[in-house]
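A short write-up of the structure that comes next.
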Amino acid sequence: MTQTLSHSNSNSHSNSNSNSRLFSTSTPPTKPPPSPIFVTTPIYYVNGPPHIGHAYTTLAADVLSRYHRLSGNPSVLLQSGTDEHGLKVSTTAASLGLGEKEFVDGVSDKFRGLLAALQVEGSADSSQVTATDKDKDKNKDKLEFVRTTDDDHKACVSAVWKALSAKGLIYKGVYSGWYAVRDECFYNEGELVDGLAPTGAEVVWTEKEESYFFKLSEFEGRLLELYERNGGAFVRPASRLNEVKAFVKGGLNDLSVSRTSFDWGVKVPGDESHVVYVWIDALANYLTKVGYPNVENDKFQKFWPPKCQIVGKDILRFHAVYWPALLMALDLELPERVFAHGWWTVNGEKMSKSVGNVVDPFELIGKFGVDRVRWFLMSEVGFGGDGDYSEKMLVRKTNTALSNSYGNLVQRSLNMVYKNCEGGRFPEVVFYSDSDSDSDSSSELTENDVKLLDAVQNLVTDTHSFIEKQELHKYVHELEDVVRMANVYVEEEAPFKLKKTDFRRMEVVLRVLGEVIRGVSIVMLPVVPDGATKVLDMLGVGEEERCFRCVGEACLGGRAVQKPVGVYMRIDEIEEE
């Protein structure tokens with residue numbers, strides 16, 4: 001029998017006559033279907049292989065997407081991809097003795113492989129020729145991977161250009177100014193810091209190069225109005241919003257949107273001596289896979305506009321200034337939010353190829369496992385701030401949270417059920433007093449049981465606000481708090497002692513622990529899908545029961561536990577010099 005969790009202060013084990021119920025079998029009210037959700041990462045520049053920063057951005061988007069699917073939304077699309085045009089790509093390929101397309105194919109494959117290595121939902125099998133029709137259908141509309149060298153994207157960029165040109169928002173002129181090849185970005189004199197770009201990139205002076213310009217200056221007022229709407233919700237965190245507002249209030253110049261000094265890019269429609277400026281090319285990617293310019297197609301109507309676009313703080317200007325201005329110019333709805341997270345250092349130092357401290361996410365996953373990498377990156381630093389990576393901290397933090405706390409809770413609880421309960425099955429337990437029934441159905445739960453079960457049910461509502469605000473670190477910390485609470489409950493109730501003194505009470509405690517582990521594991525799925533899935537498998541929880549709606553349902557009665565196995569084995573501590 002499945003019973004549904006609701007709040008109660010009853011202590012029926014102490015013969016309380018309260019009519020409130022911890023669990024109720026009433027059918028929840030029907031809710032309207034949720035609106036489809038579109039979440040994006042930036043497309044990653046292919047001048048080098050993936051590093052920990054790329055993994056961080058991708059994981060954040062995957063956590064958000066998984067959360068919304070588990071919340072009962074069947075229409076959640078995550079998009080990622082690779083940015084493959086520009087001067088930097090052309091020169092890097094030449095330095096390696098490769099053609100541009102050959103070079104970008106190899107690097108793009110690594111970024112696509114990163115999605116699978118990180119267990120981004122929809123990545124496994126969806127792009128493989130050997131995938132079954134069932135696999136492909138399961139992953140349909142879960143994940144899109146866009147490449148700027150693909151024909152559909154080139155067509156999208158050309159359509160954007162033609163639409164802007166038809167509105168009189170593009171004109172030809174001459175550009176002179178500072179250009180950072182590494183950033184693929186122009187900078188004003190006042191933005192330089194000690195002769196370098198704000199990002200630390202070297203800049204070169206571009207002298208009177210013919211260029212097409214987008215009339216960005218016409219959108220200054222509308223952008224400032226956008227930043228004030230809904231309490232400034234368009235850009236988060238708030239500190240980043242202040243940076244963007246200050247930049248726009250300083251006055252916007254029209255934006256150079258084409259180059260003639262190289263030809264590796266999308267040709268400007270009607271003038272093939274120019275290629276589209278790489279950032280206009282890149283920003284159009286968000287429109288590509290929803291079928292622009294056909295805004296009447298089902299996918300565009302379903303998913304546009306994006307709910308949340310995750311970017312690094314180094315590319316915030318492009319996404320919070322140029323991008324909304326372009327969408328305004330195209331008369332398209334704006335994203336609900338652009339969230340800019342911080343940078344990662346390594347042992348207190350900036351990541352650098354020359355220093356040799358760039359963290360390879362594939363090596364990291366191979367060494368520690370994907371769940372430990374996901375847990376650490378999502379919890380180590382407040383999402384939006386800068387973070388510092390060290391192997392020592394990764395091992396220490398995940399040993400504490402996953403091995404010692406969650407893993408230990410699962411192992412000792414399920415072992416007791418497997419060895420002590422009849423047939424290794426969870427016992428049937430009455431979770432509420434049913435005054436309308438003729439049967440003897442007084443609740444067997446104590447206040448301590450209720451307190452813990454309430455905390456698990458509240459996880460769903462408590463973590464919702466964290467997701468809406470992109471406070472992903474708080475989501476993980478809330479899980480850690482409830483697991484700690486469950487471990488305290490084990491020590492207080494001591495089912496290993498109850499086995500000899502009150503066998504029925506032991507059964508109740510173990511059933512409570514089973515429901516707690518089940519609920520916590522469901523809420524952990526967005527962060528650590530591999531381990532949480534293994535635990536749910538051991539509990540015999542079906543696919544259709546792995547959703548937030550089921551967190552508060554007591555459904556394990558009579559189910560057999562698979563022989564428990566360790567999910568997160570402790571790793572030896574690392575001593576760093």
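The values are calculated or read from the model by the stated rules, or taken from the named source; none is laboratory data. As the structure is a prediction and not an experimental result, all values here were calculated from the model. All Cβ positions, glycine included, derive from the backbone under ideal geometry; neighbour counts span all protein chains shown. Ligands, DNA and RNA are excluded from the accessible area calculation, which covers all protein heavy atoms including side chains. Shrake-Rupley method; radii C 1.70, N 1.55, O 1.52, S 1.80 Å.
Could you grab me the full set of residues in the range 279-302 that are polar (S, T, N, Q) and without any contact (Cβ under 8 Å) to a residue 60 or more places away in the chain?
Within the range 279-302, Asn294, Asn297, Gln301 meet the criteria.
I need the full set of residues from the range 49-85 which are among the acidic types (Asp, Glu) and either more than 15 Å from the chain's Cα centre (by Cα) or on the phi > 0 side of the Ramachandran plot (or both), in order please.
Within the range 49-85, Asp83, Glu84 qualify.
Taking only pairs six or more apart or across chains, which ones have beta-carbon atoms under 7 Å, a first residue in the range 82-105 that is closer than 26 Å to Lys289 by Cβ and aromatic (Phe, Trp, Tyr), and a second residue that is open to solvent by 10 Å² or more (accessible area, probe 1.4 Å) and assigned to a loop (DSSP other than H, G, I, E, B)?
Matching pairs, first to second residue: Phe103/Leu96.
Suppose we keep only residues that are assigned to a strand (DSSP E or B) and in contact (Cβ under 8 Å) with a residue 24 or more places away in the chain within the range 312-350. Which one would you say is surrounded by the fewest Cβ atoms within 10 Å (Cβ to Cβ)?
Thr345
Just the residues that are assigned to a helix (DSSP H, G or I), hydrophobic (A, V, I, L, M, F, W, C) and surrounded by fewer than 23 Cβ atoms within 10 Å (Cβ to Cβ), please, taken from the range 65-110.
Within the range 65-110, Leu70, Leu87, Ala93, Ala94, Phe103, Val107 qualify.
List every residue pair whose Cβ atoms lie under 7 Å apart, where the two residues are 6 or more positions apart in sequence or sit on different chains, the first residue falls within the range 190-202 and is free of Cβ contacts under 8 Å to residues at least 60 places away in the same chain, and the second residue, located anywhere, is open to solvent by less than 60 Å² (accessible area, probe 1.4 Å) and part of a loop (DSSP other than H, G, I, E, B).
These pairs meet every condition: Leu192/Val203; Leu196/Val203; Ala197/Asp183; Ala197/Val203; Ala201/Asp183.
Give the residue, chosen from Gly168, Gly173, that is over 30 Å from the mean Cα position of the chain (by Cα), open to solvent by less than 30 Å² (accessible area, probe 1.4 Å), over 23 Å from Leu316 (Cα atoms) and at pLDDT 80 or above.
Only one candidate qualifies: Gly173.
So in the range 186-233, with the set limited to residues that are of a type in the set (Phe, Trp, Tyr) and assigned to a strand (DSSP E or B), which one is farthest from Val338 (Cα to Cα)? Break it down stepwise before answering.
Step one: list which residues in the range 186-233 are of a type in the set (Phe, Trp, Tyr), which gives 186-187, 205, 212-214, 219, 227.
Subset that is assigned to a strand (DSSP E or B): 186-187, 205, 212-214.
Numbers: Phe186: 22, Tyr187: 22, Trp205: 31, Tyr212: 27, Phe213: 25, Phe214: 22 Å.
Filtering the range 186-233 for residues that are of a type in the set (Phe, Trp, Tyr) and assigned to a strand (DSSP E or B), the one farthest from Val338 (Cα to Cα) comes out as Trp205.
Taking Glu363 as the residue in question, decide whether it is of a type in the set (Asp, Glu), open to solvent by 20 Å² or more (accessible area, probe 1.4 Å) and out of contact with any strand residue (DSSP E or B) (no Cβ under 9 Å at 6 or more places or on another chain).
Considered against the rule, which asks whether it is of a type in the set (Asp, Glu), open to solvent by 20 Å² or more (accessible area, probe 1.4 Å) and out of contact with any strand residue (DSSP E or B) (no Cβ under 9 Å at 6 or more places or on another chain), Glu363 comes out as yes.
Pairs, please: C-beta under 6 Å, at least 6 apart or cross-chain, first residue under 19 Å from Val450 (Cβ atoms) and in the range 538-555, second at pLDDT 95 or above and not aliphatic (A, V, I, L, M)?
Listed pairs, sorted by first residue: Val551/Gly519; Ala554/Glu515.
From the set of residues in the range 281-309 that are part of a loop (DSSP other than H, G, I, E, B) and of a type in the set (S, T, N, Q), which is least open to solvent (accessible area, probe 1.4 Å)?
Applying the filter and picking the extreme gives Asn297.
From the set of residues in the range 36-64 that are assigned to a strand (DSSP E or B) and open to solvent by 10 Å² or more (accessible area, probe 1.4 Å), which is farthest from Leu364 (Cα to Cα)?
Ile37
Is it the case that some residue within the range 548-563 is closer than 19 Å to Asn420 by Cβ, among the hydrophobic types (A, V, I, L, M, F, W, C), open to solvent by less than 20 Å² (accessible area, probe 1.4 Å) and outside any helix (DSSP H, G or I)?
Within the range 548-563 (the criterion being closer than 19 Å to Asn420 by Cβ, among the hydrophobic types (A, V, I, L, M, F, W, C), open to solvent by less than 20 Å² (accessible area, probe 1.4 Å) and outside any helix (DSSP H, G or I)), the answer is yes, since at least one residue qualifies.
State all residues of the range 533-577 that are of a type in the set (A, V, I, L, M, F, W, C) and over 27 Å from the mean Cα position of the chain (by Cα); if no residue qualifies, say none.
Within the range 533-577, Ala554, Cys555, Leu556, Ala560, Val561, Val565, Ile574 meet the criteria.
Being open to solvent by less than 10 Å² (accessible area, probe 1.4 Å) and either within 17 Å of Val520 (Cα to Cα) or not in a helix (DSSP H, G or I) (or both) is true for just one of Leu402, Leu377. Which residue is that?
Result: Leu402 is the single residue among Leu402, Leu377 that is open to solvent by less than 10 Å² (accessible area, probe 1.4 Å) and either within 17 Å of Val520 (Cα to Cα) or not in a helix (DSSP H, G or I) (or both).
Select, from Arg396, Arg372, the only residue that is open to solvent by less than 20 Å² (accessible area, probe 1.4 Å) and either of a type in the set (Lys, Arg) or in contact with a strand residue (DSSP E or B) (Cβ under 6 Å, 6 or more places away or on another chain) (or both).
Arg372
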